[in-house]
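One structure is given here, and the rest of the page talks about it.
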Amino acid sequence: MSGSTVSTTRPARATAPGGPAAAPGRLRRTALDAATSTTRVLLYYRHSPGLLAASLAVPVVMVVLFGYVFGSAMRVPGGGDYREFLMPGLFAMVAINGITPTMVGVARDVDRGATDRLRSMPLSRFGVLLGSALADLLIGVAVLVPLVGVGLAVGWRMRDGVADALAAFALLVLFRFVMTWVGTFLGLAAGSEQMAGQLAVLTFPPAMVTNVFVPTGGMPGWLRVIADWNPASAVVAACRQLFGNPTAPASAWPLQHPVVATLLWSGLLLAVFAPLAVRKYSTHGR
Amino acid sequence: MSQLSGDQLAVSAQGLGKSFGGTTALDGLDLAVPAGTVYGLLGPNGAGKTTAIRLLATLTAPDTGWARVAGFDVAREPERVRRSIGLAGQHAAVDEGITGRENLTLVGRFHHLGAREARRRADELLERFGLAAAGDRLVRGYSGGMRRRLDLVACLVTRPPVLFLDEPTTGLDPRSRGEIWDAVRELTAGGSTVLLTTQYLEEADRLADTVMVLDHGRAIADGPPGRLKAAIGTRVQVVVDDAGQLPAAAGVLAAVTGGEPVSDRDRRQVEALSLPGREVLLPALVRALDAAGVAARDVALRTPSLDDVFLALTAERQAA
Ligand SMILES: Nc1ncnc2c1ncn2[C@@H]1O[C@H](COP(=O)(O)OP(=O)(O)OP(=O)(O)O)[C@@H](O)[C@H]1O
Ligand SMILES: [Mg+2]
């Protein structure tokens, strides 16, 4: 039998496909796709409220474990209540821990073909990723709110006024947004849900080598440099400063200018990971 | 719904090639799929079926060659291609954690239908494909067949003129398979062009107007499925009670099929492939066995399987 033959018939041009008559403009399309993508993630959480509870459980356990068990033996250098020192760290921890569900979710979409389906549709790829990043951000806020309540219950206070407190929360939300892009990229790079799940464990050490639980001052030299320059440490230090909570003295530049450092780190990480994620998403499997 | 008129090509490709590292997944594929027809890509694991679909659906860029879908070049006008296609990948890409209705509504929203229109379309499709009752349940609780159907339905939301279905029935029971077949037929009745892949000759036979057999990324045959099967013949098997009767049974098979019977003493079975174009009918075969005094325990006629197609085609190529 012969191989295939190619007909000489001219390829046909389709007129506008069914459904939407005109393609919306680029910006509007990005916004629409982002909104749909946000809805998609939020629907997940609506059907599985346990996911939210699980995200909240970790920091609450930390409050008990560190605030009361270890905390009873902790002295904050420079003075102050350990639980007040701890809470801003746990707020930032929520943002860092958010990487894992993002990573695993993105990798699962790749695994199950959802990514292929989305990529075969005429939509803005940046919009899709932006939408799920925004959804993750909302989830982060939904976890943060009850955790703030827990903090207030164990004696943590916002001591420097509403404006500073709002600024601190804004930084936390920004950091969560940044972490989502990091998670998205890592999830796409992992390529499979299983791999992503295993990589997620690796986010643990970077989250621990920070000033979240203990001041960096007591760490051995090399570890302290890492902790001082860890973006998460800048966020935590900024929150401690803005909430008027105890801050252990530190000499490293990011910890002396934590707000500026947080903004710089966030800008840098976003500038690196957002384009990387979009690129990886667009060229997946090429 | 926009459609391509009958004498035009909905999908065309020439010299399409793709390698992954050292593996050549697709090796110079030519395609010509007339609008409004069902085209079946048939091949075993690793033949390159999924790669072909992914290239046509703009998910992967070809190393060589070109392809046009609905009149648009996949490399230069991917956005317009995406506006003209629906894709149901090899694994049902439905979201498990949300309901069937939400899945479809989201697809509508991603295609920029208004909220109300997206919901209306989801309702309509759920109704039409027998998923209305399950529409508000989480997909996690769906059977494999329902999932597959939902996945198929998800690419119909915008009534695209060209549909790519990658192994739409693999892993389904016969009933679910029949339902998918019905759905595909309904689509083409509406004027859509369907390019599907399958590992089952029977499926290609039932659905496709034209079949291409792929092996190692190359087309080894193409044409209407009937012609492929006719070119191969029917496999006939006879099992006897007494191994001593095998020669007699083989004689009958040789006469009836025109082929060369192969005997298996352990299984007390003799088997032959009929010559292409020769019709073998069960009653005639049974009468001939009876006349020869063969006590047949089991007689089976089998339409050629994909394996038979491959064996025949590769034998033919070696002979050539
Ligand atoms: N992303 C990839 N990376 C590396 N190799 C790949 C990739 N995709 C496909 N291949 C290889 O290309 C060849 C063709 O694969 P393809 O998935 O197209 O086959 P298929 O006909 O769809 O098979 P199946 O019936 O198993 O789905 C295989 O050898 C496969 O291993
Ligand atoms: Mg495949």
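With the checklist (1) open to solvent by 10 Å² or more (accessible area, probe 1.4 Å); (2) within 16 Å of ligand 2 (Cβ to nearest atom); (3) under 22 Å from B:ASP205 (Cα atoms); (4) modelled with pLDDT under 90 in hand, flag the one item B:GLY6 doesn't pass.
If we test B:GLY6 against (1) open to solvent by 10 Å² or more (accessible area, probe 1.4 Å); (2) within 16 Å of ligand 2 (Cβ to nearest atom); (3) under 22 Å from B:ASP205 (Cα atoms); (4) modelled with pLDDT under 90, just (2) comes out false.
Here are some conditions: (1) outside any helix (DSSP H, G or I); (2) within 9 Å of chain A (Cβ to nearest Cβ); (3) open to solvent by 40 Å² or more (accessible area, probe 1.4 Å); (4) not hydroxyl-bearing (Ser, Thr, Tyr). B:HIS112 meets all but one. Which one does it not meet?
For B:HIS112, the exception is condition (3).
Going by the structure shown, is B:ALA67 under 23 Å from the mean Cα position of the chain (by Cα) and either within 16 Å of ligand 2 (Cβ to nearest atom) or in a loop (DSSP other than H, G, I, E, B) (or both)?
Answer is no for this residue.
Going by the structure shown, is B:GLY17 within 14 Å of ligand 1 (Cβ to nearest atom), surrounded by fewer than 24 Cβ atoms within 10 Å (Cβ to Cβ) and more than 10 Å from every other protein chain (Cβ to nearest Cβ)?
Judged against the criteria, B:GLY17 is a match.
Let me confirm something: among A:MET179, A:MET208, A:MET195, which residue is under 24 Å from A:VAL259 (Cβ atoms) and open to solvent by 30 Å² or more (accessible area, probe 1.4 Å)?
The unique qualifying residue is A:MET208.
Determine which single condition B:THR50 fails, assuming it passes every other condition in (1) within 11 Å of another protein chain (Cβ to nearest Cβ); (2) touching a helix residue (DSSP H, G or I) at 6+ places or on another chain (Cβ under 9 Å); (3) within 16 Å of ligand 1 (Cβ to nearest atom).
(2)
Would you say B:LEU29 is of a type outside the set (Phe, Trp, Tyr) and more than 16 Å from ligand 1 (Cβ to nearest atom)?
Spelling it out, it is not the case that B:LEU29 is of a type outside the set (Phe, Trp, Tyr) and more than 16 Å from ligand 1 (Cβ to nearest atom).
Which condition from (1) modelled with pLDDT under 90; (2) open to solvent by 50 Å² or more (accessible area, probe 1.4 Å); (3) in a helix (DSSP H, G or I); (4) of a type in the set (Gly, Ala, Ser) is the one that A:GLY71 breaks?
(2)
Quick grid of which residues meet (1) free of Cβ contacts under 8 Å to residues at least 24 places away in the same chain; (2) away from ligand 1 (no atom under 16 Å from the Cβ); (3) crowded, with 18+ Cβ neighbours inside 10 Å:
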{"residue": "B:PHE129", "(1), (2), (3)": "no, yes, yes"}
{"residue": "B:ALA132", "(1), (2), (3)": "yes, yes, no"}
{"residue": "B:VAL139", "(1), (2), (3)": "no, yes, yes"}
{"residue": "B:THR158", "(1), (2), (3)": "no, yes, yes"}
{"residue": "B:LEU165", "(1), (2), (3)": "no, no, yes"}
{"residue": "B:ARG177", "(1), (2), (3)": "no, yes, yes"}
{"residue": "B:LEU187", "(1), (2), (3)": "no, yes, yes"}
{"residue": "B:THR193", "(1), (2), (3)": "no, yes, yes"}
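Go through the range B:50-66 and report how many residues are of a type outside the set (Ser, Thr, Tyr), touching a residue at least 24 places away in the same chain (Cβ under 8 Å) and open to solvent by 10 Å² or more (accessible area, probe 1.4 Å).
Of the residues in that region, 4 qualify.
The values are calculated or read from the model by the stated rules, or taken from the named source; none is laboratory data. Everything quoted here is computed from the prediction, not taken from an experiment. Note: ideal-geometry Cβ built from the backbone for every residue, glycine included; neighbour counts use all protein chains shown. Calculation scope for accessible area: heavy atoms of the full protein, side chains included, ligands and nucleic acids excluded. Shrake-Rupley method; radii C 1.70, N 1.55, O 1.52, S 1.80 Å.
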